[in-house]
Structures are given as structure tokens and as C-alpha cells.
Amino acid sequence: MELLFLTILLVTMAGALASGYPVAFALPGSAILTILLAAVTGWLFTGDTDAFFANGGPDDWLSAGVTSFRFYWSPERDTLIAIPLFIFMGIMLQRSKIAEDLLVTMAQLFGPVPGGLGISVVFVGALLAATTGIVGATVVAMGLISLPAMLRHNYSKSLASGAISASGTLGQIIPPSIVLIILADQLSSATDQAGATRQEAYKAATGEISMPSDYGVVSTSAGDMFMGALAPGLVLVGLYMAYILITALLKPQSAPSVPYEGSYDVNFAKRVALSLTPPLALIFIVLGSIVGGVATVNQAGAIGAAGALIMAGYRLHEGKPGAYWPAILALGSLGALVLVLRNFDTGVMTMESGAEQLGVALAALCVIGLAVALGWSGLRALRTDNTLQGVMMETAKTSALVFIILLGAAMLTAAFRAFGGEELVRDFLTSLPGGFWTQFVIVMLVIFLLGFFLDFIEIAVVVVPIVAPILLADPSANVSAVWLGVMIGLNMQTSFLTPPFGFALFYLRGVAPPEVRTLEIYRGVVSFIGLQLLALLIVGLSPPLVNYLPQRVALTSETAPPPQNPRLQFCLEQFLEDEYAAQEGVIRRAAAEMRMADLTGLPRAIRRDLEEALDKAEAAPAAHAAIMTAERAAKDASGAFRPLHAQVRSIQGRVRKLEAEVKLLRTEARRADDAETRADFTAEADAMEAEAAALTARIPAEWPERDAAYRKLTDAELKARRDYRRTVDDAAEPVLDMIAVLREADAVAALREPLRALEPLLDAEDAKAAAAQFREARLLFRGLPEVSRIRSAIVRTRRELDRRRPRRDRARKAYEDAMEELESEIAWRQAAATSLLPALERYEAAIRETVGVRRLERLPRRHALAIASCQANHRDISLSF
């Protein structure tokens, strides 16, 4: 029955959409009606409203959609706030005719080049995509402005319409894109589910409760999606431009050059600069602030909205006195603010000196100047054809549409899960031969077809939450969420162009002149669809195009993970293979020179630790070589073992599902009220048990032996990695600790006088007050390494004085122990700081980027770039499951 109601749900939704019913109401309406119908049917036929749900009841699933939608608005998931900001930015740039200026100017600039007018359309389409992210608006704007110009200059109708349609869809993939924001939001939830599924699979396969963290599914964010989509978007733009240029060279009559009737003089250069520089600067600031880690996506959206308003302020006032005053004021305020922030501490809560107060006051004046510029520009936009009001209304309507669809899709997804749809999809995909790539191709084909009928928002919020956890959980491909999101975005962009239902074609048909026939528009986009499919293939086969930039930014930023992060170790050890080959002699010479240093003045334990550290450093290259040997042995054996592993794990997975079904049926049989129902459940459970036994019998007899042999190889590799990491940590840590100790030798010596000043307190009449001063003395040790014994003695002194009956003799003994320990520490530290510290620093510099790299606070840039390149490729980890 659940399957029947699932069919009713899908048919109801498809019928509502086909009839032209608004999507925002078709999605939740079909979900509510189907859930209520299932509840009523269950009550009429069984007396139980929950009877025809896979689990739970109508109350649970009616509220599940709203509950999941509320999850979007938790403080940790505020990415959707960026949507209205980017929508405002795009609509403002279009309504203020900045986009039109850009099209006209670029056409004049590129016109003399063969196919130059078409190339300028692609170029401007890319710029508009980077500022609007709205497909319909971009296609309509370029169709109204550039299509008549292209036809007037004898461009092929099909080539012109194809270039405009394809360029208009670039907003789907070139950041900042609303599609990417929504995909990032959906994928962040999908990664949580995929991670839990992978954890369960690892436990079932190995029996281990905890899974190595580098086997986990890494989540994504809107910023990561923006960075990941940048290179594929540029690849697509390059393919479009190259196609138009080649077409123009091979068939000059299809895309003739358009000579500029004016002259390329200073005035033309000024017009080009004025039309091109502000949008490019805005794009650079918005995307650059995200890529550079300066701003979050929300903050970048606010920057973009403010920048668009400033630009509209001078464009709408063009030709009038003082047109550029608001923009000049804004730029001046921002420039002054940057200077103030560089030269003053502007922390309001921490300002103390007059200079800091001056800095805060100057920063406040700069902010006021920027606010005045924004208000001034907004007033101009409001007074000029009521532009600001129109933009705000359009932004509100578009944003409301997005969020209503999100709510409706959340309810539809909840209903889909209520009737077991998610399990059906998972069972179907996992049963397909060919593993991940077959599943992926099927999913992409479904998304491609859905793009004929549904907008990108519906696809992103209905389909992605269902299929993404399945694809991301597969350890054989181990794809990143960023790569999957970009591939889905590229795919949806392709479907928006495909005749006869592509939305971009409808937008262009609505504004194209009558002489451009619909068939010519369809013919024109065919080549561009082929280019998009080529781009999809290129990105699919080259994951670094997507993954490298997010990885690079993450590993080189101020908030980069430390080198000891478990997720970095595999790639770090891969990188160090060549480093050890080149540096082994350097390491050994440095260790030999360090052994020649005079260590006799050091405490025995410290001297022993340093000598053991030198031994470990000399052993590190061999320990690392053991990793590579074990890894190669496991890799050599994996080729023959992989088919058997896949076969057995597939059988075992099906057996586990049958066993879970049997368990449920046995439970239902025990709960059944009549003997006939109990017998039916029991018979079904027995049949499933027999099926599970038959499947188990199909496991090849050689499996246990070959599995044990392969596990022995992988265990040897894991042991080699653990041994190496322990070796290099033991080699570097004592050296770094000793350097830190000796660098603070003078600071420890400076404790002598403050601690001596405490001695009279031992005989003070008020022991409680004396104890309080000894308690304050603990602050003297803050930040000093290896002074715990001195501090402990001072603490004992305070405790003896703080008793109800102070024991002054014991307090004095503890104090004398502290001073004796202090003098001993000062003596050896100052001597070693003079004789030993330079040698230690030279040795640490020699091993810093090999043996000692795991103990650094941050990865060296060279290491970070190599690891980013390594992690940008997907690694098959299925044999560990």
C-alpha cells in the first residue's frame, strides 16, 4: 500500500505542475493531500491511521516538512540569507541599465574581431552571471539588447540565439549563483546522512566502532561551492568563445566582424573603463572576499548589494551635475577606513589610550561617510523612475518564491520518505551493476530530464536530498560534496537549454523578434548543449578543476587546520616521499652535528629525551620508507582482490537487509492478535531467512582466506603509518620543547626578585592575606614552559598558609624548595641558552619541513599546495569497508 500512495503522491505532483498550478503550492499541496488520504484510508480499512506509512504516522510527517524547513534558520545555517542580497544586486544592476551599457560597450570593443559580437555576448553573459545569478533576467536582458544588433549585422539567427541562450544560463554555475547557495545548503544536510551511512557500513564490514576520520564525508558550504564552480564556469566560457571564434573563421558569413563606426580614442577608452571597471571591481570584491576568507557568503552578498546601489546611484543620475559624488564619497570613505584599520587598534571594548580613541572616532566617521553615500545613492534610485521601489518589490517577490518553494519541497520530501520512497530509490540505485558511476549517470540523467519541467530550485530541494546521501556515501568513488554539487549545477544548466522545454529558450522566444523562428532557436542551442556536455565530461574526469581551489584556500588561510590533522596525513605522507629522498642526508648530518654539542649541563631526563629524539630523527626516513613499501604491497594485491571484495560485500549487504526484514516480521508475528496473521508473518520471515541462507552460500569458499591475506597487508600499512607518526612526533617534540624552554631563560630568571619579595609574607600575622598574595603569584608563571615544579611548590606554600591553623614551618619548607628549584632552573637554562640554543635552532630548521612538520602550528606553503593538489583527487577507499 505504501507503494500505491507513493505513486499517488508523484502523480498528483506531476498533474498539478502540468496543469500550470503554481509550484509553490503544488509541492506542499500534493504532500498534504496524499498524507491525509493515506491516514483516512488506514482509519477506514484497519482502524489505524498509521497503517499505510512506512514508519510513523500522519502527524509525524505533516510536521516533518515544517520542522526540516525551520532547521534552515538555525544560527549555524544562515547561508540562505545571502539569496535576497544577491537577487537585489542583480536586479539593481539590470534596472539601472549598467548591464545594458556593458553589452553595448563590449560589442563595440570586440566587434572588429571575427565573431567579436558573439564573443562579447558570451563575455557579458559571464559578467552578468557573476553579478545576477538569475537565468531568466539575463537571457531577457541580452535578448532585448544584443539579439537585434546581431541580426542587424547579419549574424546567423541560430548562432545568435544559441549564444544568447547559452550565455544567459551561465548564471547557474558562475558564482555568486543562487543555485550554488541552495545546493550547498542541501548538500550540507546530505553529507551528515552520508557520513552516518558510511560509518554503519564501516562497522558492519570491519567490526570497528570508530571509523578513521579521513574516511568521513566532508561537508561543504556556499563559499566552497563558489570556489569550486569558478574554474568549471571559466572552462565553459572558454568553450563558448572558442566555438564562436572557430565558427567565424570557418564560416565568416555566420558571424561577420562588425567594424566600429567611431574612433578608438581617449573618449572611447574612458567609456570602456567606466562601463567595465565598476562591474569587474564589484565581482572581484564579492568573490575575492569569499575566496580570501575575508568575508562570509552573507557578508559578501551585503557588499554586492551595497556596491550595486552605489553604481546605480551614478548611472541613474548620468549627465547631471554631481552624478559621481556619492560614489566618490563611498570610495573615499572605504579608502580612509582601510588606512585607519591598518594604523589604529579600533577595538571599542579594549580602547584605553588616546590614540585608540582617535582610531575609533576616525573609523566611525568613515562608516558614517559610507552610510551617507549609500543613503544618497538609494534616494537617487528612489527618485529616478521609482527604480529602488521596483527593485525592492522584485527582490521580495523572487526571494519569497524561493523560500516558499523551499518549504513546499521540504514537505514533499517528507511525504516521499513517509511512504518509503527514499528506501526504494536507495535499493534501486545500489542494485545497479557498475557501482557508483552507474548510479551517478542514472541520477544525472534524471536531473537532466527533470530540468525540462522543473526550475532549478525544485530540483535542488526535492531531488538532491534524496539522491545525494546515496552517492556521497559510496566509498568506491569517495567524491566530494563540492564536486557533486558543481556537477549537478552544470547538468541543470544543460537541461535549461534543451529543446523543446528548456526554460532559457522560452525566455528568449518571449523577447525575440518575429523573424527569428522557434526552430532556429532550437537549432542554435544544439552546438552549445554539446559544449556543455563536453564541459560536464571534462569536469567529471578532472575533479581537481572543482576541488583544488577550495582545498588550497582552506589549507593556506589563517584558519587552516594544523599539520597533525588526521585528514591531512595520507597526502602529507605522499608528499614527504620525495622530500625524504632529497633530505635524508641533510637530516643525518644535522643529527650528527647536534650530537657533537655539549649536553652535559642539561638535567639527566632532558638529556636522555634529546638523545632519543636524535635517534628517532635518523630513523624517520626508514620509517617513512616502510609506509611506502607497505602501501605498494597493498596496492599490488588490490587489483585481484577488488572484484571478489565487491561481489561478497554486495551479497552481505543484501543479506543484512533480509535479516533486518526478518527481525521486523518476527516482531509483527509476536504482536499479531490472530493465528492466521501470525502464521503469514512467520511464513514470510522463514522464506526470507531461506533466501538469506541461499545468498550466504553463494559467497566463494576462498573469501575468508583471501580477505584475511589482504587485511594483513592493510594492517601492516596502518601499523607502518602509526609507527612513523609516533617516530617523528617523538623526534620533534623534545627539540621544540627545549627551544621554547631556552628562549624563555631570561623570563624565568626574572622570577627571582618577585618570588624573593614574597618571603616576608611567611611570617606575616595575617596568614590569609599572605596566602592570597601567594595565590596571585601563580600568574607570574603564565606562558612559561616547564616551570610546573616551581609553581607546584608555590601552590603548596599557599595551601599551608591558607589552612584554618596555618603550618608556617611547612610553608617555609615549600617556599625554600621553590626557590631552590628556581635557582637550579635559572643556572642550567642560562648556560644552555648561550651554548646550546643556536645549535638546537639550526637543527630544528634542518628537520622542520620533514621530520618536524607535524609539530608545526601551520603547514608550510609548499606543503599546503601539494596536499591541496593531492586531496583534490578522489581516492577509492572501498577496500577498507
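The values are calculated or read from the model by the stated rules, or taken from the named source; none is laboratory data. Because the structure is a prediction, the values reported are computed rather than measured. Neighbour counts are summed over all protein chains in view; Cβ atoms, including those assigned to glycine, are modelled from backbone coordinates with ideal geometry. Heavy atoms of the whole protein, side chains included, go into the accessibility calculation; ligands, DNA and RNA do not. Shrake-Rupley method; radii C 1.70, N 1.55, O 1.52, S 1.80 Å.
Quick look at the numbers
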| item | result |
| --- | --- |
| Residue within segment 664-685 that is open to solvent by 80 Å² or more (accessible area, probe 1.4 Å), in a helix (DSSP H, G or I) and touching a residue at least 24 places away in the same chain (Cβ under 8 Å) present | no |
| Those residues of segment 86-98 which are closer than 15 Å to Gly171 by Cβ and surrounded by fewer than 24 Cβ atoms within 10 Å (Cβ to Cβ), in sequence order | Ile91, Gln94 |
| Selected residue [at pLDDT below 90, open to solvent by less than 60 Å² (accessible area, probe 1.4 Å), of a type outside the set (Phe, Trp, Tyr) and touching a Gly at 6+ places or on another chain (Cβ under 9 Å)] from Ala832, Ala777, Ala770 | Ala832 |
| Residue that is most open to solvent (accessible area, probe 1.4 Å) [pool: residues in segment 691-731 that are β-branched (Val, Ile, Thr) and over 30 Å from Leu856 (Cβ atoms)] | Thr696 |
| Filter result for Ile457 (assigned to a helix (DSSP H, G or I) and modelled with pLDDT under 85) | yes |
| Some residue of segment 490-500 being open to solvent by 10 Å² or more (accessible area, probe 1.4 Å) and not hydroxyl-bearing (Ser, Thr, Tyr) | yes |
| Scope segment 183-242; condition of a type in the set (Val, Ile, Thr) and either farther than 30 Å from Gly118 by Cβ or part of a loop (DSSP other than H, G, I, E, B) (or both); matching residues | Thr191, Thr197, Thr206, Ile209, Val217, Val218, Thr220 |
| Selection from segment 608-665 of residues that are polar (S, T, N, Q) and closer than 23 Å to Gln583 by Cβ | Thr629 |
| Residue in segment 559-602 that is surrounded by the fewest Cβ atoms within 10 Å (Cβ to Cβ), counting only those that are farther than 30 Å from Val294 by Cα and of a type in the set (Lys, Arg) | Arg589 |
| Given (1) at pLDDT below 65; (2) farther than 19 Å from Val462 by Cα; (3) buried (at least 19 other Cβ atoms within 10 Å of the Cβ), index of the condition Gly56 fails | (3) |
| The listed residue being acidic (Asp, Glu) and either touching a residue at least 40 places away in the same chain (Cβ under 8 Å) or in contact with a Cys (Cβ under 9 Å, 6 or more places away or on another chain) (or both), out of Asp214, Asp192 | Asp214 |
| Segments classed as helices (runs of 4 or more DSSP H), wholly inside segment 499-591, with at least 1 members that are more than 30 Å from Gly143 (Cα to Cα) and in contact (Cβ under 8 Å) with a residue 60 or more places away in the chain | 544-556 |
| First in segment 16-33 and at pLDDT 75 or above, second anywhere and not in a helix (DSSP H, G or I), Cβ under 8 Å, 6 or more apart | Gly29/Tyr21 |
| Any hit, segment 190-211, residues being closer than 21 Å to Thr296 by Cα, open to solvent by 30 Å² or more (accessible area, probe 1.4 Å) and of a type in the set (S, T, N, Q) | no |
| Selection from segment 430-448 of residues that are in contact (Cβ under 8 Å) with a residue 24 or more places away in the chain and in contact with a helix residue (DSSP H, G or I) (Cβ under 9 Å, 6 or more places away or on another chain) | Thr430, Gly435, Phe436, Gln439, Phe440, Val443, Met444, Ile447, Phe448 |
| Single condition Leu276 does not satisfy, out of (1) in a helix (DSSP H, G or I); (2) open to solvent by less than 30 Å² (accessible area, probe 1.4 Å) | (2) |
| Residue in segment 157-172 that is basic (Lys, Arg), part of a helix (DSSP H, G or I) and under 28 Å from the mean Cα position of the chain (by Cα) present | no |
| Any hit, segment 668-681, residues being under 30 Å from Met628 (Cα atoms) and among the hydroxyl-bearing types (Ser, Thr, Tyr) | no |
| Residue satisfying all of: in segment 754-765; among the charged types (D, E, K, R) and modelled with pLDDT of 85 or more; nearest to Met819 (Cα to Cα) among these | Arg756 |
| Single unsatisfied condition, Ala255 versus (1) surrounded by fewer than 20 Cβ atoms within 10 Å (Cβ to Cβ); (2) under 26 Å from Ala163 (Cβ atoms); (3) among the small types (Gly, Ala, Ser); (4) in contact (Cβ under 8 Å) with a residue 24 or more places away in the chain | (1) |
| Residue among Ala617, Ala622, Ala626, Ala634 that is among the aliphatic types (A, V, I, L, M), exposed (fewer than 15 other Cβ atoms within 10 Å of the Cβ) and at pLDDT 90 or above | Ala622 |
| Hits in segment 692-731 (condition: among the aromatic types (Phe, Trp, Tyr) and farther than 28 Å from Ala613 by Cα) | Trp703, Tyr710 |
| All positions within segment 359-386 that are over 19 Å from Arg95 (Cβ atoms), at pLDDT below 85 and either small (Gly, Ala, Ser) or loosely packed, with under 14 Cβ neighbours inside 10 Å (or both) | Gly359, Ala361, Ala363 |
| Top-ranked residue of segment 501-526 - restricted to ones that are open to solvent by 30 Å² or more (accessible area, probe 1.4 Å) and closer than 28 Å to Met225 by Cβ, ranked as modelled with the lowest pLDDT | Phe501 |
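Okay, residues lined up against (1) in contact (Cβ under 8 Å) with a residue 40 or more places away in the chain; (2) buried (at least 20 other Cβ atoms within 10 Å of the Cβ); (3) within 28 Å of Arg789 (Cβ to Cβ):
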residue	(1), (2), (3)
Asp809	no, no, yes
Lys813	no, no, yes
Glu821	no, no, yes
Ile826	yes, no, yes
Leu837	yes, no, yes
Arg842	yes, no, no
Ala845	no, no, no
Leu865	yes, no, no
Asn873	yes, no, no
